[in-house]
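Report on one structure; see the data block that follows.
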Amino acid sequence: MTLSAPAEPSARLYSQTDHDERGNFYYQGDLYRPADDLPTLCHRIERHLVSQFPEIRFAIRSERFSGGRKITVEVLDAPEDLSARDAQEAFIVRVRDQIERFGFCRTNPLQDYWNCSFYSEVAIRQAYWAALAARRGKANPVDNLVSLASFKKRLKAGDSLTLLHAPYKHRALGATRKVIQIRSKDFVFEGRSYCDFPRAGNFACDGRLVRIAVGNEHEADAHLLYEWLPASA
């Protein structure tokens, strides 16, 4: 297959580049460096995003797999309200355009062909929704007196948690359940249900109440509120 490609990096952005009449798509960003390894590439992208979007906080994660490399840029906080789907899509295009400046992409969907320097994803997840809820004013606020790391160490099998608040009429609302196991990423209740440990920014504990933010585009302030009852108390 022959792909028509410009000799120089494109002055256009990724989202401004179209397929030609044969279905070929070629884009090479003006900041692309063929010799960059993955850590170097991530560092360059991180510095660039900070310069382009100084009011936005990002977390960058990279991974290798059999099909290539992937860079995920998660939005932790931004001044914009991204609750509406069109606002999300416009925001993702703006950020992805800047990420793609560091790579190249050759595709032809008609011939099932795809070749790129890395795959990219811009993710809007619970960290952003928790930050948005905090700006709007959270329901059931809890003083952050016990860090997530300390809570993980102090929570023991035999402790109980009473679910005081949950979104979507949770079936366990009002129930007190005993913790039977603490794992690295979650803790397990009797009955084999479990609760994931969140990011530190989505967690608050005052020693008695535990608040875990689980927000989304439909309900930014969705959260779980537990009363923590240590077995030794």
Taking the range 123-145, which residues are crowded, with 19+ Cβ neighbours inside 10 Å and part of a loop (DSSP other than H, G, I, E, B)? V142
Note: among H165, H218, just one is outside the structural domain of L82 (by the TED database) and in contact with a strand residue (DSSP E or B) (Cβ under 7 Å, 6 or more places away or on another chain), namely H165
Can you confirm whether the range 150-171 contains a residue that is free of Cβ contacts under 8 Å to residues at least 40 places away in the same chain, surrounded by 14 or more Cβ atoms within 10 Å (Cβ to Cβ) and under 27 Å from L82 (Cα atoms)? no
Test R208 against the criterion of being of a type in the set (K, R) and closer than 30 Å to G29 by Cα, and give yes or no. no
Which of the residues belonging to the range 178-217 are free of Cβ contacts under 8 Å to residues at least 60 places away in the same chain, open to solvent by 50 Å² or more (accessible area, probe 1.4 Å) and at negative phi? K178, I180, Q181, I182, R183, S184, K185, E190, Y194, D196, A200, R208
I'm trying to understand the selection: among the residues of the range 116-150, which are out of contact with any strand residue (DSSP E or B) (no Cβ under 6 Å at 6 or more places or on another chain), among the hydrophobic types (A, V, I, L, M, F, W, C) and farther than 21 Å from D206 by Cα? W129, L132
Flag if E100 is of a type in the set (D, E, K, R), at pLDDT 95 or above and farther than 30 Å from A213 by Cβ: yes
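Yes/no per residue for (1) of a type in the set (F, W, Y); (2) at pLDDT 95 or above:
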site	(1), (2)
F187	yes, yes
R199	no, no
F203	yes, yes
I212	no, yes
H218	no, no
A233	no, no
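The values are calculated or read from the model by the stated rules, or taken from the named source; none is laboratory data. Here the structure is a predicted model, which means the values were calculated and not measured. Backbone-built Cβ (ideal geometry, glycine too); neighbour counts: all protein chains shown. Areas reflect the complete protein model, heavy atoms only, side chains present, ligands, DNA and RNA absent. Shrake-Rupley method; radii C 1.70, N 1.55, O 1.52, S 1.80 Å.
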